[in-house]
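Student: Take this structure, written in structure tokens, and hold onto it; I'll ask about it next.
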Amino acid sequence: MLLLELYSLAGRFRFSGGGVTSMPPFLKKFFPTVYRKTLNPAINSNYCKYDNQGLQLFTSSLYLAGLIATFAASYTTRNYGRRPSMLIAGCFFIVGTILNAAAQDLAMLIIGRISLGCGVGFANQAVPLFLSEIAPTRIRGGLNILFQLNITIGILFANLVNYGTNKITGGWGWRLSLGLAGIPAGLLSLGALLVVETPNSLVERGRLEEGKAVLRRIRGTDNVEPEFLELVEASRVAKEVKHPFRNLLHRRNRPQLVIAVALQIFQQCTGINAIMFYAPVLFDTLGFGNDAALYSAVITGAVNVLSTMVSIYSVDKVGRRMLLLEAGVQMFLSQVVIAIILGIKVKDHNDDLQKGFAVLVVIMVCTFVSAFAWSWGPLGWLIPSETFPLETRSAGQSVTVCTNLLFTFVIAQAFLSMLCHFKFGIFLFFSGWVLIMSIFVLFLVPETKNIPIEEMTERVWRQHWLWKKYIDADYHTEGANIDGTNGAKKNGHSNGFDPVTQL
């Protein structure tokens with residue numbers, strides 16, 4: 001739990017940049033062209049006043065750096081354990097915070113963001129694996145989503161800090177906003193030293209007795225022999241794999257790889273990061289004014305936190321598929337409504353948005369954020385972390401993180417330009433993606449709630465109408481299929497909508 005609390009700073013690092021980009025002193029120092037555009041009524045286009053590649057690079061550079069760092073993080077996590085990766089992440093966060101808070105020019109600012117990005121790469125590689133491996137099966141989903149909850153708390157904290165520091169006179173509020181992240185960064189590094197390594201990682205590296213001792217400690221009982229033997233067998237299979245990344249391309253690993261990559265692409269194509277990165281900018285664009293923009297961003301941050309709590313409670317009860325499908329409908333409708341309102345009421349040079357419609361836009365944004373927070377936000381990380389077998393888990397998580405960061409970089413780098421060119425159509429663009437991803441979930445994403453990680457092959461992939469074709473007949477998972485049944489549905493688990501039998 002200590003680690004989860006400290007990792008709330010991941011949200012603080014990721015989203016503090018979006019808040020300061022709407023602060024006039026920050027823009028004046030680092031992006032004077034954008035600053036002049038916001039002051040000139042003749043060119044102050046509602047949709048285009050923040051369209052600047054340098055401004056977008058400030059935000060997106062973090063994710064490009066995280067993508068590259070993930071490759072090193074994968075090696076560290078597999079060969080040295082989950083804890084060292086988390087400690088390295090904390091160190092990168094500290095360096096990046098110092099550089100950002102003390103930045104004298106754009107180059108120094110972006111180097112700081114790159115350092116933060118390396119921290120995000122190591123953290124995203126290690127933490128979901130750590131949580132999935134250390135959690136009991138019955139609460140694995142809820143515990144893993146606590147990681148996402150703490151990120152949303154970090155986002156809310158970032159919005160509150162930005163709201164407060166924006167009122168500081170003297171033009172140095174943005175430095176305080178970026179620099180306050182140094183406090184949790186230091187605590188994170190300390191916290192990474194206090195947690196135990198996962199039994200899976202210890203067994204994988206040949207430290208069997210230590211792994212068994214840790215397993216007894218985290219389960220609170222001495223009766224861990226069956227689970228320990230499963231870990232040993234999974235480790236034996238994993239050690240036979242000399243090239244885990246190459247092994248990912250094997251036919252039997254195709255289902256996990258396709259779903260993991262698709263979930264990361266779809267997660268970014270919901271438009272959530274575009275909204276959360278630039279919520280202050282977006283609301284300012286809609287005519288809310290600078291203070292009102294940050295205030296509205298605080299509201300969406302609070303909704304994000306509360307809705308993630310819903311996911312913690314429901315993910316191991318109603319399941320992953322139900323949350324994803326319900327949220328798809330909610331996100332699609334809310335984005336269509338936003339597009340209609342903006343299309344009718346907000347033109348390039350409107351002075352402001354009428355109060356009633358402005359409030360409705362905020363409500364629709366909150367509706368969208370709430371749906372994402374209890375579905376695609378946490379489940380985009382949870383499902384890949386619990387479906388890869390041990391022999392490809394670290395490599396699979398690395399590919400998952402890389403894909404996520406790559407498409408986060410693309411969206412972050414392109415969003416302001418897309419907003420300028422698409423205008424209100426940007427929300428129709430993202431709503432189209434929401435429709436596509438909901439269809440993907442309906443047909444291709446099986447239910448994984450309450451299934452041990454070591455039994456996924458037999459109880460999930462071999463029962464799915466499509467993915468069973470990719471699983472080798474001789475691929476064996478210890479302890480799987482213990483009741484001897486081969487039905488398409490087991491323990492109430494849905495394995496996807498089968499178009500052959502159900503249409």
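Student: Considering only the stretch 297-335, state which residues are charged (D, E, K, R), assigned to a helix (DSSP H, G or I) and in contact (Cβ under 8 Å) with a residue 60 or more places away in the chain.
Tutor: The answer is ARG320, ARG321.
Student: Consider the stretch 234-250. How many of its residues are outside any helix (DSSP H, G or I), surrounded by 14 or more Cβ atoms within 10 Å (Cβ to Cβ) and touching a residue at least 24 places away in the same chain (Cβ under 8 Å)?
Tutor: Total meeting the criteria: 2.
Student: Restricted to the stretch 114-130, and to residues that are touching a Gly at 6+ places or on another chain (Cβ under 7 Å) and under 16 Å from LEU57 (Cα atoms), which residue is surrounded by the most Cβ atoms within 10 Å (Cβ to Cβ)?
Tutor: The extreme case among them is LEU116.
Student: Name the residues in the stretch 208-222 that are outside any helix (DSSP H, G or I) and in contact with a helix residue (DSSP H, G or I) (Cβ under 9 Å, 6 or more places away or on another chain), would you?
Tutor: If the condition is that a residue be outside any helix (DSSP H, G or I) and in contact with a helix residue (DSSP H, G or I) (Cβ under 9 Å, 6 or more places away or on another chain), then ASP222 is the only one that fits.
Yes/no per residue for (1) within 18 Å of the chain's Cα centre (by Cα); (2) crowded, with 19+ Cβ neighbours inside 10 Å:
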| position | (1), (2) |
| --- | --- |
| LEU406 | yes, no |
| LEU416 | no, yes |
| PHE422 | no, no |
| GLY425 | no, no |
| PHE429 | no, no |
| ILE439 | no, no |
| LEU444 | no, no |
| GLU458 | no, yes |
| ARG462 | no, yes |
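Student: Tell me, which residue of the stretch 139-168 that is farther than 18 Å from ASN124 by Cβ and aromatic (Phe, Trp, Tyr) is most open to solvent (accessible area, probe 1.4 Å)?
Tutor: PHE157
Student: In the stretch 45-76, which residue that is crowded, with 18+ Cβ neighbours inside 10 Å and in a loop (DSSP other than H, G, I, E, B) is modelled with the highest pLDDT?
Tutor: Residue satisfying both the conditions and the ranking: ASN52.
Student: Right, something else. Looking only at the stretch 169-205, count how many residues are part of a helix (DSSP H, G or I), open to solvent by 30 Å² or more (accessible area, probe 1.4 Å) and hydroxyl-bearing (Ser, Thr, Tyr).
Tutor: 0
Student: Based on what the data block shows, is ILE265 open to solvent by 10 Å² or more (accessible area, probe 1.4 Å), at pLDDT 85 or above and either in a loop (DSSP other than H, G, I, E, B) or of a type in the set (A, V, I, L, M, F, W, C) (or both)?
Tutor: Answer is yes for this residue.
Student: So ASN253 passes all but one of these: (1) open to solvent by 10 Å² or more (accessible area, probe 1.4 Å); (2) at pLDDT 70 or above. Which condition number does it fail?
Tutor: The single condition ASN253 does not satisfy is (1).
Student: In addition: Given VAL258, VAL196, VAL203, VAL224, which one is under 29 Å from the mean Cα position of the chain (by Cα) and over 18 Å from THR77 (Cα atoms)?
Tutor: Going through VAL258, VAL196, VAL203, VAL224 in turn, just one is under 29 Å from the mean Cα position of the chain (by Cα) and over 18 Å from THR77 (Cα atoms): VAL258.
Student: Quick test for you: out of SER398, SER375, SER334, SER394, pick the one residue that is among the small types (Gly, Ala, Ser), closer than 30 Å to PRO136 by Cβ, open to solvent by less than 50 Å² (accessible area, probe 1.4 Å) and at pLDDT 85 or above.
Tutor: Matching residue, one of SER398, SER375, SER334, SER394: SER375.
The values are calculated or read from the model by the stated rules, or taken from the named source; none is laboratory data. Fair warning: this is a prediction, and the values are worked out from it, not measured in the lab. Reconstructed Cβ throughout: ideal geometry from the backbone, glycine too, with neighbour counts over all protein chains shown. Keep in mind that these areas ignore ligands, DNA and RNA; they rest on the heavy atoms of the full protein, side chains included. Shrake-Rupley method; radii C 1.70, N 1.55, O 1.52, S 1.80 Å.
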